[in-house]
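We did not get these values from a lab; they are worked out from the coordinates using the rules stated. Because the structure is predicted, anything quoted here is derived from the model rather than measured. All Cβ positions, glycine included, derive from the backbone under ideal geometry; neighbour counts span all protein chains shown.
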């Protein structure tokens with residue numbers, strides 16, 4: 001098959017966001033058996049045409065969303081394509097489908113952000129030949145909002161690079177990485193993601209403040225956010241005397257090293273999470289995950305086996321209790337980490353994601 005993946009106009013590839021990471025991960029795996037072209041926006045300093053492994057990236061310059069979609073359509077007219085996948089942009093997908101009515105067009109939704117209720121969005125979604133979603137939770141939510149497209153929804157779980165995201169090989173490697181990131185020998189908790197309201201970083205800081213009354217513990221925050229909000233988080237750590245390191249944005253090419261340097265990941269999201277890629281990356285890296293019991297997260301974590309699901313996630317107490325369990329039980333950290341790695345290998349790899357998509361593509365082409 002000749003497959004074209006259309007990236008969102010505001011997300012240049014390669015990139016550090018979960019959508020960009022997923023597009024490239026899927027593209028690399030599909031390219032093992034098919035011809036894959038990824039269309040992305042132009043990035044200063046990178047060529048318009050680039051070969052990365054077996055995939056081709058074609059970047060186009062466009063000053064606006066409308067211009068980007070039009071430019072994508074113009075480029076598609078020069079290509080002989082079997083199937084087109086558009087990630088996270090119903091309006092681009094609808095315009096592309098209108099321009100290519102005989103070509104199967106798939107919309108891959110990564111969250112509810114671009115699936116707001118309303119007749120206009122419904123009319124766009126109905127143009128898709130197939131709508132891929134990354135979790136059963138997201139499928140249920142979209143189905144409730146738009147019953148008319150329920151039959152077009154296909155769950156395609158995401159994955160991760162199991163070779164790069166791996167458990168730490170030795171204590172020497174762990175010590176080296178801790179030194180690299182400035183991490184002490186205390187029990188270390190990682191938050192990885194955008195530092196924005198709604199992600200629960202403030203709840204996590206309060207949970208660590210409770211935990212440190214009984215055991216030495218420290219926090220590492222990897223991710224950028226609005227400067228004013230990040231300053232408020234820093235002040236909160238000072239208020240509770242929490243030892244914390246704010247590393248800012250870590251390039252995704254290095255984030256696997258950070259996972260191997262810490263003891264656990266906490267994902268304290270306060271709003272619906274369709275999937276939560278960081279949880280899978282952490283599990284593949286052999287560390288336990290403590291996460292809010294909402295959305296697609298509960299499809300990844302089996303509480304008590306590869307981590308803990310927190311039902312009362314709007315309060316710090318249950319997070320603190322789980323952190324205390326791990327901080328005082330090295331054997332538990334090891335066994336949960338091992339279980340998480342096994343879960344990632346069996347359920348969350350890009351090969352599996354690609355097989356789901358190939359099956360959907362094949363059905364559309366044959367029909």
Subject >> Length released on extending from residue 79 to residue 51, taking residue separation times 0.36 nm less the Cα-Cα span >> reply: 8.4 nm
Subject >> Max mean-square fluctuation residue, GNM over the chain, Cα-Cα springs under 10 Å, options 295, 198, 340 >> reply: 198
Original post:
Dividing the alpha-carbon Rg of the range 98-229 by 2.2 N^0.38 Å yields what?
Top reply: 1.53
Original post:
Considering only the chain, what is the antiparallel percent among its DSSP beta bridges, to the nearest 5?
Top reply: 10
Subject >> Cα gyration tensor category, rounded, prolate or oblate, for the range 1-136 with a/c compared to 1.5 >> reply: rounded
Original post:
Calculated FRET efficiency, residue 102 and residue 155, Cβ-Cβ r, R0 35 Å, to nearest 0.05?
Top reply: 0.85
**OP:** Pick out which of 131, 297, 43 has the largest mean-square fluctuation in a Gaussian network model of the chain, springs linking Cα atoms closer than 10 Å.
**Re:** 43
Original post:
When DSSP assigns beta bridges and you keep just the ones with both residues in the range 1-123, what percent turn out antiparallel, to the nearest 5?
Top reply: 20
Original post:
Which three extents, in whole angstrom, do the alpha-carbon atoms of the range 1-76 cover along their principal axes, largest first?
Top reply: 34, 26, 20
Subject >> Of 70, 352, 120, the one that fluctuates the most in a GNM where the chain has Cα springs shorter than 10 Å >> reply: 120
**OP:** Evaluate 2.2 N^0.38 Å with N set to the residue count of the range 277-356, then give the Cα radius of gyration divided by it.
**Re:** 1.10
Original post:
What is the fewest-to-most order of 303, 351 by other Cβ atoms lying within 10 Å of their Cβ?
Top reply: 351, 303
Subject >> With Cα atoms, 0 to 90° folded angle of helix 330-347 axis to the chain main axis >> reply: 10
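Quick one: 113, 343, fewest Cβ neighbours within 10 Å first, how do they rank?
113, 343
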Subject >> Estimated [θ] at 222 nm from DSSP helical runs (n ≥ 4, -39500 (n - 2.57)) normalised by residues in the chain, nearest 500 >> reply: -12500 deg cm²/dmol
**OP:** Compute the relative contact order of the chain as a whole-number percentage, counting only Cα pairs closer than 8 Å that sit 6 or more residues apart in sequence.
**Re:** 15
Subject >> Cα Rg, Dmax, the range 171-347, angstrom units >> reply: 14.6, 43
